[in-house]
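This report concerns only the one structure given below.
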Amino acid sequence: MLKSILSLSIMAAFGLLVFALVLPTQANQAAQTVLGETTTINRVAGVSIPVNTISRAISSLLPNTKSSQGTTPVTVPKDTSPLSIENIIDATNAERIKAGLPPLKTSVKLEQSAKIKTEDMITNQYFEHTSPTGKTVADLGNEVGYDYVVMGENLALGDFTSAADLLQAWMNSPGHRANILNTSYQDIGVYATQGTYQGRTVWFAVQHFGTERGVCPSIDSSLKSSIDSLNATIKKEESDISALRTQIEDPNHPDNQNYANLISQFNSLVATYNVNVTTSQQEISQYNKEVIAFNKCLGQYQVTPVKE
């Protein structure tokens, strides 16, 4: 997926500060074998204006109806029913290991977001990525405090007999399979329970995938604050220097001690100004290195939509 890069620059007489931001974009494509669509959304955190940076692949699945086996609803992680959280995560990681990929780590926060999504679909009787109130997987991640660079979601609804049965349905769909085998993900959270949908009892299952923001190098926000403060000081010094120069160059200036004091004050202010400019340029250079390193890391977690 192509990223849109926006470079914003703040120019002053003393130097250049560049912020590299990835603009929010969204790509949607119709899915023929699943309900809904596969969606990728990207956004990046700029340091000047705090925004989160993510890439996300979202999919949903409505499998073929099978005969009900009377399984018990999953309500807590320790449930021993065939579609328990542990069984679904184990089945997911088995597919990753089979493909030569590292297993995903269980995230309590992603389990919380998956539970919220599952219960919301049952309560409000829908089966879509976006809730009737407009919430997406991104909003759910933010709601539970999962600070991420990438998130993904798989949904399933139907009569499943086991975690293996559920995983096979997901693996048979290119979009869901891509989420399960995505090398950008490190964490997983799952929730599954039975509920009524369109008049019959079925299983609802949600997988939330993600990688936390800490995987990328940080950008020092205090350094940005220091740059802003120093630049304001420099701007004030430029104004004061200009005013003193005007007085010194006035042909009617007094030829006495006051004039000598003006020159001394001017030279002292210029010396301070030059030190501040040098410091500002050094801080700007360091800040830009951090931004570049962060965006380079972020680029490794951009997700390309998979056609169903």
> What distance in nm separates the simple spin-label points at Val270 and Ser229, each placed 7 Å from Cα in the Cβ direction?
Replying inline: 2.9
>> Taking 8 Å as the Cα distance limit and 6 or more residues as the minimum spacing, I'd like the relative contact order of the range 193-308 as a percentage.
In response: 34
> Distance in nm between label sites at Ile241 and Thr123, each 7 Å beyond Cα in the beta-carbon direction?
Replying inline: 6.1
> Please state the Cα pair-distance histogram of the range 116-170 with 10 angstrom bins from zero: what percent is in each bin?
Replying inline: 20, 45, 31, 4
> Using only the Cα atoms, what convex hull volume per residue in Å³ does the range 222-308 have?
Replying inline: 114
> Roughly to the nearest percent, how much of the accessible area of the range 128-236 is carbon and sulfur, given a 1.4 Å probe?
Replying inline: 47
> If you bin every alpha carbon distance in the range 170-280 into 10 Å steps from zero, what whole percent lands in each bin?
Replying inline: 11, 20, 14, 10, 9, 10, 10, 9, 5, 1
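Between Glu212 and Leu181, take the C-beta separation as r, use R0 = 22 Å, and let me know the FRET efficiency to the nearest 0.05.
Details: r = 20 Å, r/R0 = 0.89.
Here the calculated transfer efficiency is 0.65.
Give me the percent of Cα-Cα pairs in the range 98-199 that sit more than 18 Å apart, rounded to a whole number.
Details: 2641 of 5151 pairs.
More than 18 Å apart: 51 percent of the Cα pairs in the range 98-199.
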> Any idea how far the Cα center of the range 164-237 sits from the one of the range 93-137, in Å?
Replying inline: 10
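Express the Stokes-Einstein translational diffusion coefficient of the range 228-275 in µm² s⁻¹, to the nearest whole number, given a Kirkwood radius over alpha-carbon pairs, 37 °C and a viscosity of 0.692 mPa s. All intermediate terms of the calculation are to be shown ahead of the outcome.
Details: Rh = 11.4 Å.
So the translational diffusion coefficient is about 288 µm²/s.
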>> At a 10 angstrom cut-off on C-beta neighbours, averaged per residue, how do the peptides 196-209, 272-285 rank from highest to lowest?
In response: 196-209, 272-285
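Take every Cα-Cα pair in the range 170-235 and report what % of them are more than 14 Å apart. Present the calculation step by step, with values, prior to reporting the outcome.
Working: 1612 of 2145 pairs.
Within the range 170-235, distances greater than 14 Å cover 75 percent of Cα pairs.
The values are calculated or read from the model by the stated rules, or taken from the named source; none is laboratory data. Quantities reported herein were computed from a predicted structural model and do not represent experimental measurements. Positions of Cβ are backbone-derived with ideal geometry, glycine not excepted, and every protein chain shown enters the neighbour counts. Side chains included, ligands, DNA and RNA excluded: accessible areas come from the protein's heavy atoms. Shrake-Rupley method; radii C 1.70, N 1.55, O 1.52, S 1.80 Å.
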